[in-house]
């Protein structure tokens, strides 16, 4: 696999696409999909996610958090495949792509969107960088819920026709909680090495047993909101299409509940991403049909 694609961590990218699909479908109910705006939001979301992953690779690499004992996929900087300087350039390129697309979107919709973009840039750099990275303070899940749940979904809804219907709010919480589940299982896998490196993620603070419970609760809440909350908010049965995605929850939940550790949790990470994306696709289809 190309080292830059690998460093972008494709298994986590559904967390950026899912809220855009749900938010766009919710926001388009009052006037149809504005495809140009949808495309720009997709570019922004993917570029921000890639920038976050590159920044995490860079900062954890130069700080010695990532070591050969790490159970997850290899990191580009820590493994020597990419120099720290090259990774910094890549972070800048990803942020530039997001910034250009975001500026175009703000020009089309509202200049207030630029404030959200600036906030996203500050947040992505502070996740693993700065004197006190908040990922090491156990706040990574808050960042994911806010930016890859609430802001991404509601923002995608707003740019369509400047509306924030109830379906967008419920869908935002659902996708945000499922995105949190992706981070939780990722951090569960890395508990031993993060603890040694002094990276105090929420999983390290809670311990493995309670982190497994948190993961299962996040999956359950996210799915419940999708298959019950969104149909109620939409006053339509069409969003119940999301029920078709429920079987995808079983493999990652079984892996986590069964005590999987280290590399055994990598499929659970990918499975959780697939679950979130499937829920989002089916919810979006249901909302458009509604």
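The values are calculated or read from the model by the stated rules, or taken from the named source; none is laboratory data. Nothing here was measured: the structure is a model prediction, and the numbers come from that model. Every residue, glycine as well, gets a Cβ built from its backbone with ideal geometry; the counts of neighbours run over all protein chains shown.
Residues in the range 188-197 that are over 15 Å from residue 271 (Cα atoms) and in contact with a helix residue (DSSP H, G or I) (Cβ under 6 Å, 6 or more places away or on another chain): 191, 194, 195.
Among the residues of the range 210-250, the ones that are surrounded by 19 or more Cβ atoms within 10 Å (Cβ to Cβ) and more than 21 Å from the chain's Cα centre (by Cα) come to 5 in all. Restricting 82, 77, 89 to those that are out of contact with any strand residue (DSSP E or B) (no Cβ under 6 Å at 6 or more places or on another chain), at pLDDT 80 or above and assigned to a helix (DSSP H, G or I) reduces the list to 89. Taking helices (runs of 4 or more DSSP H) as the structural unit, those lying wholly within the range 116-213 and holding at least 1 residues that are in contact (Cβ under 8 Å) with a residue 60 or more places away in the chain and under 18 Å from residue 53 (Cβ atoms) correspond to 140-145, 152-161, 166-189, 191-197. A count restricted to the range 85-97 and to residues that are under 19 Å from the mean Cα position of the chain (by Cα) and closer than 10 Å to residue 50 by Cα stands at 3. Of all residues in the range 237-254, none are closer than 30 Å to residue 129 by Cα, out of contact with any helix residue (DSSP H, G or I) (no Cβ under 8 Å at 6 or more places or on another chain) and part of a helix (DSSP H, G or I). Of all the criteria given as (1) modelled with pLDDT under 90; (2) loosely packed, with under 15 Cβ neighbours inside 10 Å; (3) in contact with a helix residue (DSSP H, G or I) (Cβ under 9 Å, 6 or more places away or on another chain); (4) farther than 30 Å from residue 245 by Cβ, the one not satisfied by residue 68 is (3).
Of the set (1) closer than 15 Å to residue 180 by Cα; (2) at pLDDT 95 or above, all apply to residue 269 but (2).
I need the full set of residues from the range 80-115 which are without any contact (Cβ under 8 Å) to a residue 40 or more places away in the chain, crowded, with 17+ Cβ neighbours inside 10 Å and more than 23 Å from residue 144 (Cβ to Cβ), in order please.
Taking the range 80-115 as the starting set, the residues that turn out to be without any contact (Cβ under 8 Å) to a residue 40 or more places away in the chain are 80, 83-86, 88-89, 92-93, 96, 99-100, 103, 106-107, 111-112, 114-115.
Now restrict to residues that are crowded, with 17+ Cβ neighbours inside 10 Å: 99, 106.
Passing the criteria: only 106.
Residues in the range 92-112: is at least one farther than 20 Å from residue 152 by Cβ, modelled with pLDDT under 95 and either in a loop (DSSP other than H, G, I, E, B) or in contact with a strand residue (DSSP E or B) (Cβ under 7 Å, 6 or more places away or on another chain) (or both)? No, the range 92-112 contains no residue that is farther than 20 Å from residue 152 by Cβ, modelled with pLDDT under 95 and either in a loop (DSSP other than H, G, I, E, B) or in contact with a strand residue (DSSP E or B) (Cβ under 7 Å, 6 or more places away or on another chain) (or both).
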